[in-house]
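Here's the structure we're looking at; comments come further down.
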Amino acid sequence: MIVIRWISLLGILLLSISASATEMVGAVSAGMGGTGRAAVEEQEAVYLNPAAISLVNKMHFSTAYQSGFLARDVSRNTYGLTIVDGSKDVLIKGAFAFRNHRINLHGMEFNENEFRLGLGQRLTKRFSLGLTLSHLKAESPDGVAYRQNNVDLGFLLGLRPNWGLSLTGENLVEQDQNIPSALIRPSRVALGTQYIYAGSITGRYELLSPLNFYNDHKPYLGHRFGLGIKFQADFVLNLGYSVDDFAEQNWSSIGLGWMGPRLKFAYSLQSESRQSLGTRHLVDLWVNL
């Protein structure tokens with residue numbers, strides 16, 4: 001029974017970690033197919049690309065809620081808080097984020113706490129560099145716990161005011177060999193771009209690949225597509241689609257947002273077609289201080 005319980009726990013953690021590293025980052029990025037590494041989304045930069053923190057020019061406070069399936073028989077509810085300080089008088093712009101994940105598999109639940117500290121610095125007028133330090137702690141109902149520390153690096157290049165390119169490396173630190181391999185977050189590199197047309201139509205594309213190979217050393221690529229349409233002054237409609245051959249999941253998404261000068265709100269709905277995992281719901285609310 002103990003062996004079976006450990007195998008079940010490791011399976012849950014493997015699925016939850018690999019999915020959480022690639023999906024359900026925030027409502028805006030989710031509505032645009034999981035894209036956003038070449039964008040400046042204040043509440044998501046510490047997860048997607050810390051280099052974008054350098055382009056934030058105010059202090060922001062945001063809350064997040066997420067609910068849905070990560071993989072077959074694995075669901076997760078998430079509550080999160082993020083603070084970003086991009087004030088002009090700070091030496092280095094930074095962000096701190098906390099998220100609590102409640103993961104469920106056939107009634108078996110465990111608690112996961114995630115902490116992130118991100119720093120971003122503009123090196124030139126159009127080039128920025130960012131660093132994120134992360135700490136993840138999880139505990140099962142039986143008291144089995146694990147901890148992981150890691151580092152993300154991000155680069156952001158503004159070719160024009162309306163066109164940007166990004167390069168990110170995620171989970172770049174080799175994990176302790178005493179941690180079961182199923183618990184180690186996969187290392188990954190991602191290329192992204194964003195183009196804004198006439199200030200009202202945003203197009204995004206991202207290409208993702210692991211730094212090491214899985215599935216019998218067969219490489220895989222993930223593709224993400226996003227489209228955002230701004231109506232009137234503050235209302236935004238987002239559409240997206242993602243293809244992930246590693247997780248064998250295809251997600252289509254739609255999102256609505258209100259981007260006011262002080263208060264912003266975003267909601268996204270994702271639907272998976274390859275494994276019929278159902279829908280996900282993501283909500284973000286943030287305030288410019």
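Assorted remarks:
- If you filter segment 192-224 down to residues that are at pLDDT 95 or above and farther than 19 Å from TRP251 by Cα, you find that the one that is surrounded by the fewest Cβ atoms within 10 Å (Cβ to Cβ) is TYR197.
- Count of segment 238-269 residues, restricted to those that are in a strand (DSSP E or B) and closer than 22 Å to PRO210 by Cβ, is 8.
- Residue-level check: of (1) surrounded by 20 or more Cβ atoms within 10 Å (Cβ to Cβ); (2) over 22 Å from ASN49 (Cβ atoms), GLN275 misses just (1).
- Hey, ASP176 outside any strand (DSSP E or B), at pLDDT below 90, among the acidic types (Asp, Glu) and on the phi > 0 side of the Ramachandran plot or not: no
- Members of segment 24-37 found to be more than 10 Å from TRP251 (Cα to Cα) and assigned to a loop (DSSP other than H, G, I, E, B), listed by number: MET24, VAL25, GLY26, MET32, THR35, GLY36, ARG37
- Residue match in segment 139-156 (condition: assigned to a strand (DSSP E or B), among the acidic types (Asp, Glu) and modelled with pLDDT under 85): yes
- None of LEU70, LEU91, LEU131 is closer than 30 Å to ASN288 by Cβ and part of a strand (DSSP E or B) except LEU131.
The values are calculated or read from the model by the stated rules, or taken from the named source; none is laboratory data. Since the model is a prediction, treat every value here as computed from it, not as a measurement. Cβ: placed from backbone, ideal geometry, glycine included. Neighbour counts: every protein chain shown.
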